[in-house]
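Colleague: One structure coming up, written as structure tokens, with questions to follow.
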Amino acid sequence: MFIIFLRFSDNKPKASEFMPQHNQWIQNGFDKGIFLLVGSLQDSMGGGIIAHNISRDELQQEINNDPFVKENIVTAEIIEISPAKFDERLGFIN
């Protein structure tokens with residue numbers, strides 16, 4: 001399981017120009033069964049994603065395809081978590 005932080009760079013003003021492509025990229029992640037949750041970081045710092053069902057290398061390739069990453073609108077930080085204990089409602093993660 002992964003948490004991805006997409007933090008705005010100095011190119012943040014270009015975000016609105018590439019938002020439709022970025023939203024399509026997000027939808028593709030959901031369609032592929034990779035993304036579990038996507039949302040905004042508070043104080044307009046960027047976005048966050050929880051992802052699973054993919055290797056780190058494959059996830060890095062997916063992240064590299066994000067138009068926001070390609071256009072240097074955000075920088076991506078991937079943090080991997082190895083779940084050891086979780087609520088039964090998240091049993092699908094195992």
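Laboratory data are not the source of any read-out in this text; all were calculated from the coordinates shown. All figures in this text were calculated on a predicted structure; none of them were measured in a lab. When we count neighbours, we look across all protein chains shown, and the Cβ atoms used for this are built from the backbone with ideal geometry, even at glycine.
Colleague: Extension gain M19-D57, at 0.36 nm per residue separation less the Cα-Cα distance, in nm? Before the final figure, lay out the partial values.
Modeller: On the way: separation 38, 0.36 × 38 = 13.68 nm, distance 2.49 nm.
Full extension from M19 to D57 adds 11.2 nm.
Colleague: Shifting gears a bit: Find, among the chymotrypsin sites (Phe, Trp or Tyr not before Pro) in region 35-94, those assigned to loop by DSSP (not H, G, I, E, B) with at most 16 other beta-carbon atoms within 10 angstrom.
Modeller: F86
Colleague: So how long is each side of the chain along the principal axes, counting just the alpha-carbon atoms, biggest first, in Å?
Modeller: Each principal axis gives a Cα extent; for the chain these are 41, 26, 20 Å.
Colleague: Sticking with this one: Based on DSSP H runs of at least 4 residues, each adding -39500 (n - 2.57), what is the mean residue ellipticity at 222 nm of the chain after dividing by all its residues, to the nearest 500 deg cm²/dmol?
Modeller: Roughly -9500 deg cm²/dmol at 222 nm, from the helical runs in the chain.
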